[in-house]
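Beneath this line is the structure, given in structure tokens, with notes to follow.
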Amino acid sequence: MTDKKTFRISEKRRILLVEDDIVCQEMMKASIGETYSVVIAETGEEALEVIRAQHETLSMVLLDLNLPGITGIDVLSRIKSDPASSRLPVIVMTSDHEAEVECLTLGAIDFIPKPYPASKVILARILRTVELSEDRETLRLTERDQLTGLYNKEFFYRYAAQLDLYHKDAPVDAIVFDVNHFHTINDRFGKARGNEVLKRIAVNATDYVNEAGGIVCRSGADTFLLYCRHIDDHEALLARLSAGLDDVGFGKNRVRLRMGVYVDADKTIDIERRFDRAKMAADTARDHLTAPVGFFDHSMREAEILEEQLIDDFKAAISQKQFAVFFQPKFDVRRDEPVLASAEALVRWKHPKLGMVSPGVFIPLFEKNGLIQELDHYVWAQTAAHIKAWKDRLKITLPVSVNVSRIDLYDPELTERFLDIAKKNKISTEDLLLEITESAYTEKTDFIIKTVKDLRRLGFRIEMDDFGSGYSSLSMLSNMPIDALKLDMQFIRSAFSQRKDTRLLEAMIGLARSFGVPTIAEGVETAEQYSNLKAMGCDLIQGYYFSRPLPADEFEEFIVKNLKKNLKTEGVLC
Ligand code: C2E
Ligand code: CA
Ligand code: CA
């Protein structure tokens, strides 16, 4: 039978004793051998070899300074300069008091004088050192990002606040930097290569803060935050952070960083907001290969003030019904004549002071801070009420789609909420179509798919919005629980741009059809686009060509006009 013991990790902590003198070895073993498992190295070279191979299972190094070959001081400095072993606590053993300062500077944690003190004293010192370093290691693991060894965001913010306390008057820069198109590196070269890039950046950033002061963290996938003393030349800093990235080896596809700087950050505002400002600045540098550094400036401050105002005004806007739901028709174009088939509900904000505010401004803002949920609930309820009113007044059923934001999908009561809306307004679940943007499917995919399946089971129909803007592939569609595919408007734009090339569009429509999924083209503005899309086999069309989004009363007239044209009155999606 196999000896079980050999499969177990030794329960005793392991200590490396670097000592060439046999008598000293024996004395030390006698002092600590009962408590610790002692590994012996008689030369510096041997010690470094053991550390290289076993640093993960060693708890400490006891280092004699007086060794044959490379000296104890050399061994100490090599242990401390190698990131793999620098965390190992080293206690130096020497009779030379002069060497103490040098060893402490190099990173030794304590001393044991020679000749040795009483065994009790030695053991007590070692116990304390091991314990302290293990506490530190536990802290290190919770405050650090595992891949790069940099702080995580929470601890970073905490330590940034401490830096402010110690250096109240020093001007500082809040800096965000990340990798241009990092996902393509991951997609094309694999995650391991992506990780190499991140590690290299972390080493460069650590070098910088070790030299210039400040702190750095990895705050997300490929995003880093740097809080440091103000500098003038951020391009040079960016070059330094990018050092060696080309060596990671992607051929011609060079890895480039971009950076956003909030210069001389205002320390009276929240630390997280200081970095929001740096992030805003970074967004202006996106893809600007010639100007990869963006700065927080006055215009961004204006945008920020507007955002603050919109957030402040939100509650009143809901209670005073400043939000209006507009409707834009979708036409079924499969037959000779287009047939009004459904509509999309699009929200508008009639702001008492600012006039009409575009959803392009407030939707992304409310998505960021969560207010979007309340707004969406309002829009869904209003939409259901309109569907019911048209049913009653016009005796028709026109299904209408509402936009469902990514965070709505994480609401555990989402299905209940939609059922409730349908019930309260006495409409069928089939009358409400739900537009879910493609990118919502990319995170927590299984969870989202389950939610979507639940909704479909209840009768709601799902349209995948903005298809083609994210990373889903057409082949994934066969497993996706969706009822229609809304092509991203950008596809229509580029297909009909000056260099007209409709091949991609055609291929997508064809493939979607082969999976049995109808396609909707939105943003269709001209007769040429309309007839081309129809010829390609697109099923539904939405856009200014038919109508702009209209206020509810005008849209009701639009429906009536279409009814009068004697078109199909029962709106059906597919
Ligand atoms: P989306 O869902 O992709 O909506 C389509 C956008 O294209 C709408 O912009 C619509 O007015 C516009 N559009 C329609 N036809 C044409 C056309 O022929 N040409 C051009 N150039 N544009 C056209 P809008 O209403 O400004 O909405 C922008 C985005 O805001 C929407 O994009 C949607 O993502 C979001 N949104 C709008 N209402 C809501 C809402 O109630 N809830 C949520 N969560 N998002 C909403
Ligand atoms: Ca939409
Ligand atoms: Ca869309």
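The values are calculated or read from the model by the stated rules, or taken from the named source; none is laboratory data. This is a predicted model, so every value here is computed, not measured. Counting neighbours? That spans all protein chains shown, and the Cβs are built from the backbone with ideal geometry, glycine included. These accessible areas exclude ligands, DNA and RNA; they are computed on the full protein's heavy atoms, side chains included. Shrake-Rupley method; radii C 1.70, N 1.55, O 1.52, S 1.80 Å.
Remarks
- Residue match in the stretch 46-64 (condition: touching a helix residue (DSSP H, G or I) at 6+ places or on another chain (Cβ under 8 Å), assigned to a loop (DSSP other than H, G, I, E, B) and either open to solvent by 40 Å² or more (accessible area, probe 1.4 Å) or at pLDDT below 90 (or both)): no
- For the residues ASN403, ASN369, the requirement of being under 24 Å from the mean Cα position of the chain (by Cα), within 13 Å of ligand 2 (Cβ to nearest atom) and open to solvent by 40 Å² or more (accessible area, probe 1.4 Å) singles out ASN403.
- Residues of the stretch 240-249 classified as open to solvent by 40 Å² or more (accessible area, probe 1.4 Å), part of a helix (DSSP H, G or I) and modelled with pLDDT under 95, total: 2
- Residue match in the stretch 182-195 (condition: without any contact (Cβ under 8 Å) to a residue 12 or more places away in the chain and outside any helix (DSSP H, G or I)): yes
- Evaluating ILE201 against the criteria (1) touching a residue at least 60 places away in the same chain (Cβ under 8 Å); (2) buried (at least 16 other Cβ atoms within 10 Å of the Cβ) leaves one unmet condition, (1).
- Filter pass, LEU371 being in the same structural domain as GLN542 (by TED's automatic domain parsing) and more than 22 Å from ASP420 (Cβ to Cβ): no
- Test set (1) surrounded by 20 or more Cβ atoms within 10 Å (Cβ to Cβ); (2) more than 16 Å from ligand 3 (Cβ to nearest atom); (3) aliphatic (A, V, I, L, M) - ALA381 fails condition number: (1)
- Checked against (1) open to solvent by 50 Å² or more (accessible area, probe 1.4 Å); (2) among the β-branched types (Val, Ile, Thr); (3) not in a helix (DSSP H, G or I), ILE231 passes all but condition (1).
- Pair list, Cβ under 8 Å, 6 or more apart: the stretch 507-532 residue closer than 19 Å to MET480 by Cβ, other residue open to solvent by 50 Å² or more (accessible area, probe 1.4 Å) and not in a helix (DSSP H, G or I): PRO518/CYS574
- Residue match in the stretch 519-536 (condition: open to solvent by less than 60 Å² (accessible area, probe 1.4 Å), away from ligand 1 (no atom under 14 Å from the Cβ) and part of a loop (DSSP other than H, G, I, E, B)): no
- The stretch 327-355 - residue that is open to solvent by 10 Å² or more (accessible area, probe 1.4 Å) and within 32 Å of the chain's Cα centre (by Cα) and, of those, farthest from ASN403 (Cα to Cα): ARG348
- For THR206, the requirement of being among the polar types (S, T, N, Q), closer than 23 Å to ARG256 by Cβ and touching a strand residue (DSSP E or B) at 6+ places or on another chain (Cβ under 8 Å) is met.
- Selected residue [open to solvent by less than 10 Å² (accessible area, probe 1.4 Å) and closer than 30 Å to VAL203 by Cα] from PRO83, PRO89: PRO89
- Residue in the stretch 74-83 that is in contact (Cβ under 8 Å) with a residue 24 or more places away in the chain and of a type in the set (Lys, Arg) present: yes
- Residues of the stretch 125-163 that turn out to be charged (D, E, K, R) and buried (at least 16 other Cβ atoms within 10 Å of the Cβ), as a count: 5
- Helices (runs of 4 or more DSSP H) wholly inside the stretch 84-176 containing at least 2 residues that are free of Cβ contacts under 8 Å to residues at least 40 places away in the same chain, outside the structural domain of CYS217 (by TED's automatic domain parsing) and more than 31 Å from the chain's Cα centre (by Cα): 99-106, 119-143
- Qualifying residue in the stretch 453-472 (condition: open to solvent by 40 Å² or more (accessible area, probe 1.4 Å), basic (Lys, Arg) and within 16 Å of ligand 2 (Cβ to nearest atom)): yes
- Annotation: of all residues in the stretch 500-518 being among the β-branched types (Val, Ile, Thr) and open to solvent by 10 Å² or more (accessible area, probe 1.4 Å), the one that is farthest from ligand 3 (Cβ to nearest atom) is THR502.
- Qualifying residue in the stretch 456-466 (condition: within 12 Å of ligand 1 (Cβ to nearest atom), under 29 Å from the mean Cα position of the chain (by Cα) and not charged (D, E, K, R)): yes
- Looking only at residues of the stretch 421-441 that are hydroxyl-bearing (Ser, Thr, Tyr) and within 16 Å of ligand 1 (Cβ to nearest atom), we find that the one that is surrounded by the fewest Cβ atoms within 10 Å (Cβ to Cβ) is SER439.
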